[in-house]
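This report concerns only the one structure given below.
The values are calculated or read from the model by the stated rules, or taken from the named source; none is laboratory data. Quick caveat: nothing in here was measured; it's all calculated off a predicted structure. All Cβ positions, glycine included, derive from the backbone under ideal geometry; neighbour counts span all protein chains shown. We work out accessible area using only protein heavy atoms, side chains counted, and drop any ligands, DNA or RNA first. Shrake-Rupley method; radii C 1.70, N 1.55, O 1.52, S 1.80 Å.
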Amino acid sequence: MAHVADRVVPVDHLALIGNFLPRKCGLATFTADTFDALHARYPDTRIDVYAMDDHPGRYAYPSQVTAAIPQHDRGAYLDAARAIEASGAQAIWVQHEYGIYGGAAGEHLIALLDRTTLPVIATLHTILESPSADERRVMDALLRRCARVIVMAHRGREILARVHGIDPRRVAVIPHGVPDRPLIDSTALKPRFGWQDRRLILTFGLLAPSKGIETMVRAMPAVAARHPDALYVVLGASHPNLVAHEGEAYRDRLHALARDLGVERNIAFIDGFAEQDELLDRLQAADIYATPYRNAAQITSGTLSYAVGMGKPVVSTRYVHATEILADGRGVLVDFDDSEGFAEAINALLDDDARRGDMASRAYDHGRTMIWRCNAEDAMAELAAARAMRPQRIVPPRTATIDALTPDFRAVERMSDATGMLQHSIHAVPDRRHGYCIDDNARALILMHRIGTLDDAERDRWTSVYAAFVQFAWNADTRRFRNFMGFDRSWCEDAGSEDSNGRALWALGATVAEARDRKYRDWARNLFDETAAIAFDFGSPRAMAFAVLGAASMLAAHPGHALSTRILERFGADLIALLDEARRPQWEWFEIVLAYDNARLPEALIRAGAALGRDDMVACGLATLGWIVERQTAPDGGFRAVGTESFGRAYAEPMQFDQQPLEAQATVDACIAAFDTTGDARWADEAMRAYRWYLGQNDLGLPLATAQDGGCFDGLTPGGLNRNQGAESILALQLANCAISALSNRSQTVAGQQQAVA
């Protein structure tokens, strides 16, 4: 029967995450060995290593390491997610161990994985029977994200099923890999290390109290009494975390114990991190390997695996990995902290060369099933299975014609009551706990003037509700609009943010220019005239932009309006000054970071320039709009909204997720402003490209708009849709629907006029 590897179609490009040499720890060695084994078995597979870095700048990583991720820098995890997603990798393989990933119980790793769309497998190097609340939360999240999970002992699969509820069929048992060396007589290598004429018992690995070395030290008097030539070698540097906490106090205690017991001649402590070839030579020189570990739940021991792989008889405590790998006569198990048991077992093996040789042969034969080549083949089978489990997305071609949606008020109405529009929802159900805000009610007020599918009575009713909210939000004492209101109609603050105040002014200007009833136009003009001077205190670029949009509308309705003219002149100049200060080569933007509603900034300059007859403002707006549009273009040409994880990262290219509807609407409006000003059809096309994002022409091929009721999901995440439908998202879709509908009507009118002339 053919080996499973013979039927596997290898993954061509893999991202491998874990510790890596020259960091001195077992997991770094394991990850490096994994890389070497995969590369040797599948030389055409590209493997990008992302090394976890506990001391940035300390390690001189080899060329195999694509990037290092500082352990406690959450932003670096997000950068790695973006790099992995953009690299073309087909799968991610995580080496998971507690303590190497940052955040509570390593939660930064989950932030990375949740911001990629790739299938994930994870090898779990520790599995806890009784995890803490944070450990359980993070492990549950990791298991949910993984298509397949690898453990190194059958007990690990049982614990995962019992403690975390994972389907055991998703868990593969792949033993720890071991080097492939011939079985040799230990006497051949002893002279190299000065161990000739000694009966050698070896333990290697980073030194720490959990290794139980005291147990073996206390066993040595009885061993030395029967075998005076016995030598117990403890090979390995102290664990770095232990050294940082107490220096070499633990090693000193072991030395003192050996002296007190009179066996210092029979024990050698070799302080250092042996490179693999030297380590294996020393291991092959041993007659017996001892693992006196004290943790009964230990699922994995790389040192034990190496000992078995080299054909060493093993005496060990009864931890999980040992009970499985030493079954069928491959070793001897004793109780924890049982020095007498260790002495008895070691003496028995040293007394019986034939038994020791038989045990070595059994161990070596079992080790052939664990060599790194087999490990690589089995792991590749899991990677290929994970990749095959990833459903293929049916994405509408970017060139496909998709009809725009008719503006639909139903979802807006669902989120509204007599006070105003509620902020948030749980799925499609309004969540009253979060109350209301002026941001959403200002947007809803603008929608009332643009949506054409309402009858007069319905439009009047809801215009009055949203206008009343804006009116009530004005606090004459602080001369600011409030923003947040609880469901009990109590204000949560005396003054809202600059951005919320700017958006209120925008809604008032739009009402003056666009409201269908004069009573609302008159109301809005009075309140605008009373409040708009607050704009001159704004420092936020978006607050400036919102105020400009309101003032441009006001000036369109009332040419020569002095206050609006001043706002346009002041903030047009301020935005250009911000651009001059922040721009760098390849960075044509008003700030050193990206944030929300980005396209509103160039839109404001275009609208201000058009209103004032300032070609310089228009040109600056068009240039920066072109720059942000380019940043919002996916490799396949579709629209990719700047995700929230991209916010606040200085001079950094945007991340892929989490994309939100507000960005698409802002881009639609800005591109239509550019089209209105220039007549260049390119901008109408860009508006349509951004609009189609709602309809499924996006990174996941999933529509955010719920066409049956006018709703819109809250975002696009690596795992799919954020299925909540808040006010901001619903309004973004409906305002985009109105904008595209108006653009389509204008295009048809122009086409008709051209035909008439012809």
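Out of all the residues in the range 466-481, is one or more in contact (Cβ under 8 Å) with a residue 12 or more places away in the chain, in a loop (DSSP other than H, G, I, E, B) and among the aliphatic types (A, V, I, L, M)?
no
Of the conditions (1) among the aromatic types (Phe, Trp, Tyr); (2) more than 38 Å from the chain's Cα centre (by Cα); (3) open to solvent by 20 Å² or more (accessible area, probe 1.4 Å), TRP462 satisfies every one except a single condition; which number is it?
So the condition that TRP462 fails would be (3).
So, in the range 657-684, how many residues would count as being in a loop (DSSP other than H, G, I, E, B) and free of Cβ contacts under 8 Å to residues at least 40 places away in the same chain?
Filtering the range 657-684 for residues in a loop (DSSP other than H, G, I, E, B) gives 657-658, 660, 679-680.
Going one step further and asking which of them are free of Cβ contacts under 8 Å to residues at least 40 places away in the same chain, we end up with 679-680.
Qualifying residue count for the region: 2.
Would you pick out the residues in the range 410-429 that are open to solvent by less than 10 Å² (accessible area, probe 1.4 Å) and either in a loop (DSSP other than H, G, I, E, B) or at pLDDT below 95 (or both)?
Result: MET415, GLY420.
Have a look at HIS96, HIS154 and point out the one that is touching a residue at least 40 places away in the same chain (Cβ under 8 Å) and surrounded by 23 or more Cβ atoms within 10 Å (Cβ to Cβ).
HIS96
Out of (1) more than 29 Å from LEU279 (Cα to Cα); (2) among the hydrophobic types (A, V, I, L, M, F, W, C); (3) buried (at least 16 other Cβ atoms within 10 Å of the Cβ), the odd one out for ALA86 is which?
Status for ALA86: all satisfied but (3).
Only residues in the range 346-357 that are under 16 Å from ALA290 (Cβ atoms) and of a type in the set (S, T, N, Q) count as the first member; pair them with residues that are open to solvent by 80 Å² or more (accessible area, probe 1.4 Å) and modelled with pLDDT of 95 or more, Cβ under 6 angstrom, at least 6 apart or cross-chain, and list the lot.
Taking only residues 6 or more apart or on different chains, the pairs are ASN347/ARG226.
If the Cβ limit is 7 Å and pairs must be 6+ apart or interchain, which residue in the range 717-735 that is in contact (Cβ under 8 Å) with a residue 24 or more places away in the chain and farther than 14 Å from ILE426 by Cβ pairs with which residue that is hydroxyl-bearing (Ser, Thr, Tyr) and not in a helix (DSSP H, G or I)?
PRO718/THR116; PRO718/THR117
Any residue in the range 544-555 that is under 10 Å from LEU508 (Cβ atoms) sitting within a Cβ distance under 8 Å of a residue that is among the basic types (Lys, Arg)? List the pairs, counting only those 6 or more apart or interchain.
MET554/ARG525
Could you grab me the full set of residues in the range 622-664 that are of a type in the set (A, V, I, L, M, F, W, C), open to solvent by 10 Å² or more (accessible area, probe 1.4 Å) and closer than 15 Å to GLN586 by Cα?
Those that are of a type in the set (A, V, I, L, M, F, W, C), open to solvent by 10 Å² or more (accessible area, probe 1.4 Å) and closer than 15 Å to GLN586 by Cα: ALA623, TRP627, ALA650, ALA652.
Only one of these conditions is not met by PHE273: (1) open to solvent by less than 40 Å² (accessible area, probe 1.4 Å); (2) touching a Lys or Arg at 6+ places or on another chain (Cβ under 8 Å). Which number is it?
Result: PHE273 fails condition (1) only.
Please determine whether any residue of the range 685-693 is open to solvent by 10 Å² or more (accessible area, probe 1.4 Å), in a loop (DSSP other than H, G, I, E, B), closer than 23 Å to CYS738 by Cα and of a type in the set (Lys, Arg).
No, because not a single residue in the range 685-693 is open to solvent by 10 Å² or more (accessible area, probe 1.4 Å), in a loop (DSSP other than H, G, I, E, B), closer than 23 Å to CYS738 by Cα and of a type in the set (Lys, Arg).
For the range 694-712, enumerate the residues that are among the aliphatic types (A, V, I, L, M), open to solvent by 10 Å² or more (accessible area, probe 1.4 Å) and modelled with pLDDT of 95 or more.
Hits for the range 694-712 are LEU695, ALA705.
Checking the conditions here, which among ARG136, ARG144 is within 15 Å of the chain's Cα centre (by Cα), over 17 Å from LEU27 (Cβ atoms) and open to solvent by 10 Å² or more (accessible area, probe 1.4 Å)?
ARG144
Pairs under 9 Å by beta carbon, first residue within 14 Å of LEU383 (Cβ to Cβ) and open to solvent by 50 Å² or more (accessible area, probe 1.4 Å) in the range 25-43, partner assigned to a helix (DSSP H, G or I) and charged (D, E, K, R), six or more apart or different chains?
Note: pairs meeting the criteria are ARG41/ARG373; ARG41/GLU377.
Given the structure, is ASP185 over 16 Å from VAL263 (Cβ atoms), open to solvent by 10 Å² or more (accessible area, probe 1.4 Å) and free of Cβ contacts under 8 Å to residues at least 24 places away in the same chain? Give the derivation first.
Details: over 16 Å from VAL263 (Cβ atoms): yes; open to solvent by 10 Å² or more (accessible area, probe 1.4 Å): yes; free of Cβ contacts under 8 Å to residues at least 24 places away in the same chain: yes.
When the stated conditions are applied, ASP185 passes them.
Need pairs with beta-carbon distance below 6 Å; first residue under 21 Å from ASP431 (Cβ atoms) and within the range 403-417, second assigned to a strand (DSSP E or B) and of a type outside the set (Phe, Trp, Tyr); sequence gap 6+ or separate chains.
Partner pairs satisfying both residue conditions: ALA411/GLY711; MET415/MET421; MET415/LEU422; MET415/PRO430.
All but one of (1) open to solvent by 40 Å² or more (accessible area, probe 1.4 Å); (2) more than 42 Å from the chain's Cα centre (by Cα) hold for ARG480, so report the exception by its number.
Unmet for ARG480, out of (1) open to solvent by 40 Å² or more (accessible area, probe 1.4 Å); (2) more than 42 Å from the chain's Cα centre (by Cα): (2).
Can you pull out the residues in the range 430-453 that are over 36 Å from the mean Cα position of the chain (by Cα) and surrounded by fewer than 24 Cβ atoms within 10 Å (Cβ to Cβ)?
HIS449, ARG450, ILE451, GLY452, THR453
Report, by residue number, each residue of the range 191-208 that is in a loop (DSSP other than H, G, I, E, B) and open to solvent by 20 Å² or more (accessible area, probe 1.4 Å). Can you show your working first?
Looking only at the range 191-208, we keep the residues that are in a loop (DSSP other than H, G, I, E, B), and these are 194-198, 205-206, 208.
Correct list: GLY194, GLN196, ASP197, ARG198, GLY205, LEU206.
Output the residues belonging to the range 286-340 that are open to solvent by less than 30 Å² (accessible area, probe 1.4 Å) and more than 20 Å from VAL233 (Cβ to Cβ).
Applying the first criterion (open to solvent by less than 30 Å² (accessible area, probe 1.4 Å)) to the range 286-340 yields 286-293, 299-317, 319-322, 325-326, 330-332, 334, 339.
Hits for the range 286-340 are ILE299, THR300, TYR319, VAL320, HIS321, ILE325, LEU326, ARG330.
Is it true that GLY212 is open to solvent by less than 20 Å² (accessible area, probe 1.4 Å), of a type outside the set (Asp, Glu), within 27 Å of ILE299 (Cβ to Cβ) and within 42 Å of the chain's Cα centre (by Cα)? Write out each step before concluding.
Numbers: open to solvent by less than 20 Å² (accessible area, probe 1.4 Å): yes; of a type outside the set (Asp, Glu): yes; within 27 Å of ILE299 (Cβ to Cβ): yes; within 42 Å of the chain's Cα centre (by Cα): yes.
Yes, satisfied.
Identify, by number, the condition in (1) among the small types (Gly, Ala, Ser); (2) closer than 25 Å to MET421 by Cβ; (3) surrounded by fewer than 21 Cβ atoms within 10 Å (Cβ to Cβ) that GLY726 doesn't meet.
Going through the list (1) among the small types (Gly, Ala, Ser); (2) closer than 25 Å to MET421 by Cβ; (3) surrounded by fewer than 21 Cβ atoms within 10 Å (Cβ to Cβ), GLY726 breaks only (3).
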